[in-house]
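Chemist: I have a structure here, written as structure tokens, and I will follow up with some questions on it.
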Amino acid sequence: MSNDFYCEEVLSGKTPVIKVYETENVLASHHTRPFYPVHIVVIPKKHIPSLIAIEENDSHILVELLDVIKQVASQVVAENGACRVITNLGDYQDSKHLHWHVVFGKALK
């Protein structure tokens, strides 16, 4: 699983994160290098390379993942009035592990 920060660092415990929400199959945490004033990442605990790599037997994880994204996004909207929910694919995706960014504000960099 080369170039998978979430499996290699976060889920293994090598890189500590500040958890926002967690279920059996999903983890939402503050980004370790935030690009926005509010920057939360939501990941499945199972390795899934990207949105377009989701398999049919992962549908229950996808439903749980979307529920956590909904809850986190709802909280960000309640606190800030808006948010964006983003996922990247291909060359735009630095870590080859399905993940969604819930962000608010202008980019910091």
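Chemist: Are any of the pairs Lys19/Lys45; Lys14/Lys106; Lys14/Lys45 more than 24 Å apart by Cα-Cα distance, and if so, which? Provide the component values of the computation, followed by the final result.
Modeler: Values: Lys19/Lys45 13 Å; Lys14/Lys106 30 Å; Lys14/Lys45 15 Å.
From Lys19/Lys45; Lys14/Lys106; Lys14/Lys45, over 24 Å: Lys14/Lys106.
Chemist: Also, I was wondering about something else. Place a label point 7 angstrom from the Cα of Asp4 along the Cα-to-Cβ direction, then list the residues of the range 77-109 whose backbone nitrogen is under 18 Å away.
Modeler: Inside the label zone: 88-91, 93-100.
Chemist: Shape call for the range 8-60 from the C-alpha gyration tensor, a ≥ b ≥ c root eigenvalues: rounded (a/c under 1.5), prolate (a/b greater than b/c) or oblate?
Modeler: Here the range 8-60 falls in the prolate category.
Chemist: Ok, one more. On a 0 to 90 degree scale, rounded to 10, what angle separates helix 59-80 from the longest Cα axis of the chain?
Modeler: Helix 59-80 sits roughly 10 degrees off the main axis of the chain.
Chemist: In terms of modelled amide H atoms, which long-range or inter-chain residues lie less than 5 Å from the amide H of Val38?
Modeler: Phe104
Chemist: Right, next: Taking K and R as +1 and D and E as -1, what net charge do the other residues with C-beta under 14 Å from the C-beta of Val68 add up to? Can you show the working numbers first?
Modeler: Working: positive: Lys19, Lys45, Lys46, Lys70; negative: Glu22, Glu24, Glu64, Asp67.
My count for the surroundings of Val68 gives 0.
Values quoted throughout were computed directly from the atomic coordinates according to the rules given, and no laboratory measurement underlies them. As the structure is a prediction and not an experimental result, all values here were calculated from the model. Don't worry about glycine lacking a Cβ; one is built from the backbone with ideal geometry, like all the others, and counts go over all protein chains shown.
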